[in-house]
Structures are given as structure tokens and as C-alpha cells.
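Here's the structure, in C-alpha cells; my notes come after.
No lab work stands behind these numbers, since they all come straight from the coordinates. Note that the coordinates shown come from a computational prediction; the quantities given were computed from them, not determined experimentally. Neighbour counts run over all protein chains shown; Cβ positions are idealised from the backbone, glycine included.
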Amino acid sequence: MLALPMSTLSDLMTSDVLTVAPEDTIGEAAQKMVDREVSSAAVSDYGRLIGILTERDLTRAVAGRTHSSEARVREWMTPDPVTLAPSASPKEAAEIMLDRGFRHIPVVDGERAIGIVSIRDVARWSTEEI
């Protein structure tokens, strides 16, 4: 029986990362997310990952009666998100997501987001591994 090479996050992640700026409005960020059909965006300040903005963050903003044309991403993003290296295992990502209640983890090279791995990516991987 052939042994399959162990998958890493670089095999699973979405490498076409949507990046928004902390000074963007949440309305602008939400529109970019809709246009790209993604549920999260990396928040970068001069190329350095400083946060992640997710559908959950946008839902909190709406529930708080925030005006999407005025509120800034920096006010609603999750700052200093948990990140993983592209060499990390999907199992490690799954454990972090389940333990912490996350649906997305940025994949970084240094301080730069090079990918996003979602709970859907990990679920797909787990069914293929079985």
C-alpha cells in the first residue's frame, strides 16, 4: 500500500487572500467579501497582518446598529489573530478551530498573510483522508 504524503496547510489554504485596510469602512470590506464570495478578509497594515474580519464580526457590527459607511474595519476586526505556518498540519488547524470556535485561520509567512484556511477546507481534507 502506498503511503500518501502528509498534507500541510499550504495544500489546503486559499492563497488568493482578500486583504483590507484597517481604515476601510466595514461596508467597503463587506462589499469586497461579497464580490469575492469569501467569508473573511485579512486586515493588513503596510503588508503586516494585524487582524481578521469575518462574517461574525460584521454580524456583531450590524447587531450594534453600526453604520457600515462610517465604522472602520479596525473597530470590528479580530486583532492579532491566531495564525499558522504553511507547513502546519490540517489536524493542528482543526484542533485550534474546534477548541477556540474559529472558522478561519490566517496562514502566514513572517508577518504577511499568504493564505486563509477555513473550517470547510479542513472538513474537506478530513473526508478525503478517511
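Sparsely packed loop sites in region 45-76 (the trypsin sites (Lys or Arg not before Pro) outside DSSP H, G, I, E and B with at most 11 other Cβ atoms within 10 Å) comprise ARG65. Considering helices alone, the calculated mean residue ellipticity of the chain at 222 nm is -10500 deg cm²/dmol, with DSSP H runs of length four and up weighted by -39500 (n - 2.57) and normalised per residue. In this simple spin-label approximation, ARG124 and VAL34 carry label points 7 Å from Cα along the Cα→Cβ vector, and these lie 2.4 nm apart. Comparing Cα centroids, region 73-130 and region 9-46 end up 14 angstrom apart.
Backbone amide hydrogens, once placed in the peptide plane, bring GLY115 within less than 5 Å of VAL107, excluding anything fewer than 5 places away on its chain.
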